[in-house]
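Everything on this sheet refers to the single structure shown next.
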Amino acid sequence: MTEATSRRSAYSRLLDRAVRILAMRDHSEQELRRKLAAPVMGKNGPEEIDATPEDYDKVIAWCIESRYLDDDRFVQQFIASRSRKGYGPARVRQELNQKGITREAIERAMRECEIDWAVLAREQAIRKYGEPLPVDFSDKVKVQRFLLYRGYLMEDIQAIWRNFDD
């Protein structure tokens with residue numbers, strides 16, 4: 001640890017680190033806690049921060065109070081981002097769950113988002129397999145398997161052929 005950082009309190013170093021982390025992109029509270037607890041790489045290798053659990057709680061509380069950390073905003077932005085990248089609702093739910101977001105918050109955000117998952121599923125299928133989409137069974141199964149892997153629900157996948165018969 002350098003002399004300059006040893007003079008600063010653990011709380012101020014944690015707060016500085018939290019602001020730098022949140023300046024890059026939004027994080028969930030659990031993600032931020034995990035990143036703050038990770039050792040910092042210094043000139044002589046990883047350095048532990050000698051912070052107490054109260055310091056971590058105070059930093060998280062300050063970030064929430066200052067609106068730097070907001071799980072609801074994070075969830076909305078994450079859903080929008082992942083849907084733009086072609087992922088379906090099941091995959092998005094799973095990833096949010098891994099990031100420590102409660103099931104209730106995920107379901108509320110999924111209901112509030114105005115994303116037509118069936119249209120997105122069709123766009124992904126066309127991007128991968130071209131238009132017109134396959135009509136014989138074996139090729140349909142390939143499309144279905146691809147879309148299931150991307151996290152789309154079977155009802156959205158079946159709606160591709162039901163609602164968009166060309």
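The values are calculated or read from the model by the stated rules, or taken from the named source; none is laboratory data. For clarity, every value in this text was computed on a predicted model and none was experimentally measured. Counting neighbours? That spans all protein chains shown, and the Cβs are built from the backbone with ideal geometry, glycine included. All accessible areas refer to the heavy atoms of the entire protein, side chains included, with ligands and DNA or RNA removed. Shrake-Rupley method; radii C 1.70, N 1.55, O 1.52, S 1.80 Å.
Carbon and sulfur together cover what percent of the accessible area of the range 8-64 at a 1.4 Å probe radius? Intermediate values should be presented prior to the final figure.
Details: 1960 of 3390 Å².
Of the solvent-accessible surface of the range 8-64, carbon and sulfur hold 58 percent.
Shown is the FRET efficiency for Q94 and R162, computed with R0 = 25 Å from the Cβ-Cβ distance and rounded to the nearest 0.05: 0.45. For the pair R103 and V40 in one chain, pulling the backbone fully straight at 0.36 nm per residue adds 19.5 nm over the alpha carbon distance. For the chain, the per residue solvent-accessible surface stands at 63 Å², with DNA, RNA and ligands left out and a 1.4 Å probe.
If you plug the beta carbon distance of C113 and M154 into 1/(1 + (r/R0)^6) with R0 = 22 Å, you get a FRET efficiency near 0.65.
Amide H contacts of E47: V40, M41, G42, each under 5 Å away and 5 or more positions distant or on a separate chain (H built 1.01 Å from N in the peptide plane; Pro and chain starts excluded). Spin-label model, K128 to V19: label points 7 Å out along the Cα-to-beta-carbon direction sit 4.5 nm apart.
To put it simply, the accessible area of the range 115-161 at a 1.4 Å probe is 56 percent carbon and sulfur.
So, with +1 on the Cβ of K and R and -1 on the Cβ of D and E, and no other charges, what is the size of the charge dipole of the range 8-64 about its Cα centre, to the nearest 20 debye? Intermediate results must be reported in sequence, preceding the final value.
On the way: 10 positive and 10 negative charges, 53 e Å.
The calculation lands at about 260 debye.
Charges were assigned to the Cβ only: +1 to each Lys and Arg, -1 to each Asp and Glu. The resulting dipole of the chain about its Cα centre is roughly 480 debye. Surface composition of the range 69-110: carbon plus sulfur atoms hold 42% of the accessible area, using a 1.4 angstrom probe and ignoring ligands, DNA and RNA. The alpha-carbon of K99 sits under 17 angstrom from the alpha-carbons of these lysines, leaving out residues fewer than 8 places away in its chain: K35.
For L153, the residues whose amide H sits under 5 Å from its own are A90, ignoring neighbours fewer than 5 places away on the same chain, with H placed 1.01 Å from N.
Could you give the length gained by full extension between S12 and I64, i.e. 0.36 nm per residue of separation minus their alpha carbon distance, to one decimal place?
Fully extending the segment from S12 to I64 adds 17.1 nm.
Of all lysines in the structure, the ones whose alpha carbon falls short of 17 Å from that of K128, not counting any fewer than 8 places away in one chain, are K85, K140, K142. Going by a ≥ b ≥ c, the root eigenvalues of the Cα gyration tensor, does the range 35-166 fall in the rounded group (a/c under 1.5), the prolate group (a/b larger than b/c) or the oblate group? The shape class here is prolate.
Rounded if a/c is under 1.5, else prolate if a/b is larger than b/c, else oblate: which is the range 8-64, with a ≥ b ≥ c the root eigenvalues of its Cα gyration tensor? Oblate shape, in that a/c is at least 1.5 and b/c is the bigger or equal ratio. If you take the Cα centroid of the range 16-75 and the Cα centroid of the range 121-166, the two points sit 41 Å apart.
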